[in-house]
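Since the structure comes first, as structure tokens, the remarks are kept for the end.
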Amino acid sequence: MDTKDRQIRNWKGISGFIITILLFVAIALLIIGIKKVDPPILKVLFSSKPQSQQAAVIKGNALDLWNDSASSKTALISFVEDVTKEGSPDFIPVENRIAVFDMDGTFLNETNPYYYDFCLLKYRVLDDPTYKDKASYFERSVAEDIKAYMEGDKSKEVSMTDHGKAVAMAFAGMTIEEFEDYIAEFKKQPMPGYNNMTRGEGFYKPMLQVFDYLQANGFKVYVVSGTDRFIVRGILKDSVNIPRNQIIGSDVTLVASNQGTTDGLDYTFTDKDKVVLGGNFIIKDLKMNKVTAIVQEIGIQPVLSFGNSTGDAAMAEYTTTNNKYKSLAFMLCCDDLERENGNVEKADQMEQLCQQYGWIPVSMKNDWKTIYGEGVTRKTA
């Protein structure tokens, strides 16, 4: 080997050594930087466990809008820590960590002054200048009864089926995109009964934290609502971090824009078609219908259920009955009369049902530090 070759080999060796030193320095600086920002991240980066099982380390104290004294908070955190810990006798594999949530009154205001989809129908039929003169007699009759009920005439309570039919008729012909744009505009309206809040901001902030907490710990979160599926999608769009395909609700028909009265078995979608709302009501996703929807669309028995009314009782019981995994059902009690348009009688009834069925009550008054955040107040007159 001549002198030139030896020099080349020596230079390569020195270069490799220098590169190795620089690499170690870079890693050390990275670790020091991470330690200054968020020490628990190191446990995720350098742990042999999957990140989904490390999330509890990072997010275990995420429910800071809940009072530490709340037994419901303690129960939820204890459950999550138990079922996500490898080696625990109650460990639940990630694919079976399914949580189902009702919407109205569970994580979205339903006293504004009524269910969101009822208010939407009333506006569409009675107040929308682009549609109110086109509404059918049936739609107007349903909307008038909703208005009367909102104003205090409880004898005018509208059946869920009639409401579903009227919603289907009132928005027939719209594409899904047009329907969601319509809902987006409705969300901008001020929330009746509250100061400093729009219809699109009426989410219970402590419950939104539950979504984040569960998702950080490997749970798949589904909304299972009695509200029309496409209305729910429109309400949650750009507001709540739940994928569209994890939203279940009441259903109406869908058709091709040029399909007319032709049966779907006899029609083929063309390049001139769009999918539009068909105008016919199919099913109201309440009570036992929630259970069948879960079985059909999720196909896995949930281990967590969150609701607020007897319309969610079947879902709660399905979650906790004959489940091979540890499971819990939570029910919200609308007992806050200062920050929320609560109802003590309904709250007491739900408390009693929780005792009877073993559900865990969540007191909006006692368990939460806030409901809608700073600056939002309930109108008193």
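Pairs to check: Lys156/Lys284; Lys165/Lys290; Lys324/Lys369. Give those whose C-alpha atoms are more than 29 Å from each other in this structure.
Lys324/Lys369
Note on region 216-341: Cα-Cα pairs beyond 24 Å make up 43% of the total pair count. Let me know the shape class of region 71-378, please: from the alpha-carbon gyration tensor, a ≥ b ≥ c as square roots of the eigenvalues, rounded when a/c is under 1.5, otherwise prolate if a/b is greater than b/c, or oblate. Note, shape of region 71-378 comes out oblate. Each label point was placed 7 Å from the Cα along the Cα-to-Cβ direction; for Glu144 and Thr370 their separation is 4.4 nm. When only the Cβ of Lys, Arg, Asp and Glu is charged (+1, +1, -1, -1), the dipole of region 71-378 relative to its Cα centre reaches about 200 debye.
Across region 356-368, rounded Karplus estimates of 3J(HN,Hα) from the backbone phi angles (6.51 cos²θ - 1.76 cosθ + 1.60, θ = phi - 60°) give 5, 9, x, 6, 9, x, 10, 8, 5, 6, 9, 9, 10 Hz, Gly and Pro being marked x.
Modelled spin labels at Glu151 and Glu86, positioned 7 Å past Cα toward Cβ, are 6.4 nm from each other.
Rg and Dmax over the alpha-carbon atoms of region 320-381 stand at 14.4, 51 Å. Phi-derived couplings, Karplus 6.51 cos²θ - 1.76 cosθ + 1.60 at θ = phi - 60°, listed residue by residue for region 89-97: x, 9, 4, 10, x, 4, 5, 9, 7 Hz, with x used for Gly and Pro.
For Ile360, the residues 5 or more places off, or on other chains, whose built amide H falls under 5 Å of its own are Ala329, Phe330, Met331. Think of region 71-378 as a dipole: +1 on every Lys or Arg Cβ, -1 on every Asp or Glu Cβ, centred on the Cα centre; then among Asn217, Ile235, Tyr182, Asn217 lies furthest on the positive end. Debye sum, Cα scatterers, region 57-198, no solvent: what log₁₀ I/I(0) at q = 0.16 1/Å? So the normalised log intensities are -0.91. Once the chain from Lys274 to Thr198 is taken as fully extended at 0.36 nm per residue, the excess over their C-alpha distance is 24.2 nm.
Taking square-rooted eigenvalues a ≥ b ≥ c of the alpha carbon gyration tensor, is region 61-121 rounded, prolate or oblate, where a/c under 1.5 means rounded and, failing that, a/b exceeding b/c means prolate? Judged from the Cα gyration tensor, region 61-121 comes out oblate (a/c at least 1.5, b/c at or above a/b).
Ranking of Ile235, Ile248, Ile283, Ile98 by neighbouring Cβ atoms within 10 Å, starting from the fewest: Ile283, Ile248, Ile98, Ile235.
A cut-off of 5 Å between modelled amide H atoms, ignoring neighbours fewer than 5 places along the same chain, links Trp368 with Asn67. Across region 100-116, computed HN-Hα scalar couplings (Karplus, 6.51 cos²θ - 1.76 cosθ + 1.60, θ = phi - 60°) run 10, 10, 5, 10, 4, x, 10, 9, 10, 4, 10, 10, 10, x, 7, 3, 4 Hz from first to last residue, x flagging Gly and Pro. When the C-alpha to C-alpha distance is required to be over 19 Å, the pairs from Lys122/Lys154; Lys187/Lys220; Lys73/Lys365; Lys205/Lys287 that qualify are Lys187/Lys220; Lys205/Lys287.
The numbers here are math on the coordinates, done by the rules we state, and not lab data. Owing to the predicted nature of the structure, the values given are computational and were not obtained by experimental measurement. Don't worry about glycine lacking a Cβ; one is built from the backbone with ideal geometry, like all the others, and counts go over all protein chains shown.
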